[in-house]
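Everything on this sheet refers to the single structure shown next.
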Amino acid sequence: MSELRVRFAPSPTGYLHIGGARTALFNYLLAKSQDGAFVLRIEDTDVARSTQESVDAILDAMKWLGLSCDEGPLYQSDRFDLYKQKVQQLLEEGKAYRCYCTAEELDAKREKAKEEGRKPKYDGTCRHRTDQPDAPYVVRFKLPEGREETTFIDRIKGDINFHHDELDDLIIQRTDGTPTYNFVVVIDDAEMGINLVIRGDDHINNTPRQILLYEALGYSVPEFAHVPMILGPDKKRLSKRHGATSVMAYQQLGYLPEALVNYLVRLGWSYGDEEIFSMADLIEKFSLDNVGRSAGVFNPEKLLWLNSHYIKTGDPQRLAELLKPFLKQQDIDFEGGPTLVEVVKGLQERSATLVEMATGAEFYFVDQVSYDEKAKKKFLKPEQKELFTVLLDKLGACPSFTEELLEKAFAEVMEVTDLKFGKVAQPLRVALTGGAPSPGIYDVLTVLGKDISLQRISQAIEILGA
Ligand code: GLU
């Protein structure tokens, strides 16, 4: 068998959508798993709606997800000459014709068809025309005669039949001379040697038209795999109403790319009852055989759960790097003070996103702890003075803040004050963190370090009962 060649072909008219990202991912995984090639093609023939900003946004999002291509990005706008040549070829072979019908004429025909309860289709007025008036025209592809239907076997959906009653003479070149999507996609896929087209099933109605064009242009027809849509929880097509739909919005919300990749792949593909997949696992296990035929429903809680998993199990060094922009965003100065990696280790267990982790990290880096009012009232009372004084004394005598030495110091404090562990730890936690949800007390003490911890205890003593 020849090498698998797949492609992702986004139109740069906006950001990379969750659905597009999943299509890209499926293509990428299949190419990697079969040692094939993954081609990236930017479909920018719609010059008015395509922007460089969108191209950059799509490339950034793919890079963030780790979906590197083997070839490309190729731009359709660089290939207009080729498309022109192919239009010419079809015209010369009598497989396409110039259509001079005006927009008004077409509108009137459409209205009439509607009134008569017929499907609005082009009626072929210009099909047999031989003159070439000096007037604007589009080029139409002649629906081949003497054939009733076009069929193909979709790798996901199975047998697909389209009756030609559904089709009419497709416009392949607009009046301004630019080629249309269905036409260029065929030329590009063929010229780029794509032998399997994996894309969203919103394109399934285009496929018979494209197959006819492959044949007319003398190309071999690739295989197709149409991936079901992604729906919102209300079973309507996923849109902004359901929350963020842009890949990079999830980066800004503090998600890890591996969580999004894992989430997206499972939206439509399964492997037994396994849920957690690294990219390497996926490259080994992914195939179209386990892609479902029905639409996936977007579930934000599951994505959040996966993100917590990847934060919990992530490399603290890497997470610390990823956390920095989020700290900056929250105006948290993390230079100096506790070591960021140690802070991260303490927070991994309890943060579902990097945004949450940044919020949780704040108390480590403040110059002055700000106390939660309720916690302050409850735990920083004048009668705690003895406890804090003993804590200052015993922790001050602790040669260094290791868990073992801290345990020893705590035992001494408990003995002197005759208090249970909780009665020591709770007020101390408020003194150290202000009352914020935080890791275990030894963890907080170790990460803050001796100097800052003692300073915060002194500060608490000063304000007791204030
Ligand atoms: N450019 C098309 C889109 O963004 C994709 C076309 C295709 O995959 O064939 O919807």
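Taken together, the values in this text are just the output of simple stated rules run on the coordinates, not laboratory data. No experiment lies behind these values; they were computed from the predicted model shown. A quick note on method: Cβ atoms are made from the backbone with ideal geometry, for glycine too, and the neighbour counts reach across all protein chains shown.
For helix 300-313, what angle does its Cα long axis make with the longest principal axis of the chain, in degrees from 0 to 90 and rounded to 10?
Roughly 50 degrees, rounded to the nearest 10.
If I fit a long axis through the Cα atoms of helix 52-65 and take the longest principal axis of the Cα atoms of the chain, what angle between them do I get, 0 to 90°, rounded to 10?
So the inclination is approximately 60 degrees.
With θ set to phi - 60° and the Karplus curve 6.51 cos²θ - 1.76 cosθ + 1.60, what are the ³J(HN,Hα) couplings of region 38-47 in order, to the nearest whole Hz, using x for Gly and Pro?
These are the phi-based 3J(HN,Hα) values: 10, 9, 10, 10, 8, 8, 10, 6, 7, 4 Hz.
Gain in length, Lys119 to Thr389, computed as 0.36 nm per residue apart minus the alpha-carbon separation, to one decimal in nm?
Details: separation 270, 0.36 × 270 = 97.20 nm, distance 8.75 nm.
Gain on stretching Lys119 to Thr389: 88.5 nm.
Let me know the shape class of region 1-90, please: from the alpha-carbon gyration tensor, a ≥ b ≥ c as square roots of the eigenvalues, rounded when a/c is under 1.5, otherwise prolate if a/b is greater than b/c, or oblate. Before the final figure, lay out each step's value.
Working: a/c = 2.53, a/b = 1.19, b/c = 2.13.
Note, shape of region 1-90 comes out oblate.
For the pairs Lys328/Lys394; Lys240/Lys285; Lys121/Lys142; Lys32/Lys328, note any where the Cα-Cα span goes beyond 25 Å. Could the numbers behind the result be given before it?
Numbers: Lys328/Lys394 36 Å; Lys240/Lys285 32 Å; Lys121/Lys142 13 Å; Lys32/Lys328 37 Å.
Lys328/Lys394; Lys240/Lys285; Lys32/Lys328, as the Cα separations exceed 25 Å there.
Calculate the length of the line joining the C-alpha centroid of region 182-214 to that of region 372-403, in whole Å.
Taking the Cα centre of each part, region 182-214 and region 372-403 sit 70 Å apart.
Based on alpha-carbon centroids, what's the gap between region 244-297 and region 319-345 in Å, whole number please?
What the calculation gives is 29 Å, centre to centre.
List the aspartates and glutamates whose Cα sits under 15 Å from the Cα of Lys374, skipping any in the same chain fewer than 8 residues away.
none
For helix 80-92, report the angle its Cα long axis makes with the longest principal axis of the Cα atoms of the chain; keep it between 0 and 90° and round to the nearest 10°.
Relative to the chain, helix 80-92 is tipped by roughly 30 degrees.
So who's got an amide H within less than 5 Å of the one on Trp269, skipping anything under 5 residues away but keeping other chains? H placed 1.01 Å off N, in plane.
Answer set, sorted by chain and number: Gly292.
Distances longer than 29 Å among the Cα atoms of the chain: what percent of all pairs is that?
Numbers: 66778 of 108345 pairs.
Beyond 29 Å sits 62 percent of the P(r) for the chain.
Within 10 Å of each residue's Cβ, count the other Cβ atoms and sort Val221, Val261 from fewest upward. Mind dumping the intermediate values first?
Values: Val221 18, Val261 25.
Going from least to most buried by this count: Val221, Val261.
Just to confirm my understanding: which cysteines in the chain have no other cysteine beta carbon less than 4.7 Å from their beta carbon?
Cys69, Cys101, Cys398
Counting other C-beta atoms within 10 Å, which of Val297, Val424 has the fewest, and how do the rest follow? Each step should come with its number before you reach the end.
Values: Val297 15, Val424 18.
Ascending Cβ contact count within 10 Å gives the list Val297, Val424.
Which stretch or stretches of region 378-395 have amide N atoms under 19 Å from the point lying 7 Å from Glu415's Cα along the Cα→Cβ direction?
Zone members listed by number: 387-395.
Relative contact order for the chain: what percent, with Cα pairs under 8 Å and sequence separation of 6 or more? Could the numbers behind the result be given before it?
Values: 674 pairs, mean separation 57.8, N = 466.
In percent, rounded to a whole number, it is 12.
Over the chain, what is the percentage of antiparallel beta bridges among all DSSP beta bridges, to the nearest 5?
On the way: 17 of 32 bridges.
Around 55 percent of the beta bridges assigned by DSSP in the chain are antiparallel ones.
For the chain, what is the calculated [θ] at 222 nm in deg cm²/dmol (nearest 500), taking -39500 (n - 2.57) for each run of four or more DSSP H residues and dividing by its residue count? Provide the component values of the computation, followed by the final result.
Details: 18 runs with 220 residues, N = 466.
Calculated at 222 nm, the ellipticity per residue is -14500 deg cm²/dmol.
Got a sec to turn the phi values of region 435-441 into Karplus ³J(HN,Hα) couplings, 6.51 cos²θ - 1.76 cosθ + 1.60 with θ = phi - 60°, whole Hz, x for Gly and Pro?
x, 5, x, 8, x, x, 4
Please enumerate, by chain and number, the lysines with C-alpha under 24 Å from the C-alpha of Lys235, excluding those fewer than 8 residues away in the same chain.
Excluding near neighbours in sequence, the set is Lys157, Lys302.
In straight Cα distance, which aspartates and glutamates are under 13 Å from Lys63, not counting same-chain residues fewer than 8 positions off?
Once the sequence-local aspartates and glutamates are set aside, what remains near Lys63 is Glu258.
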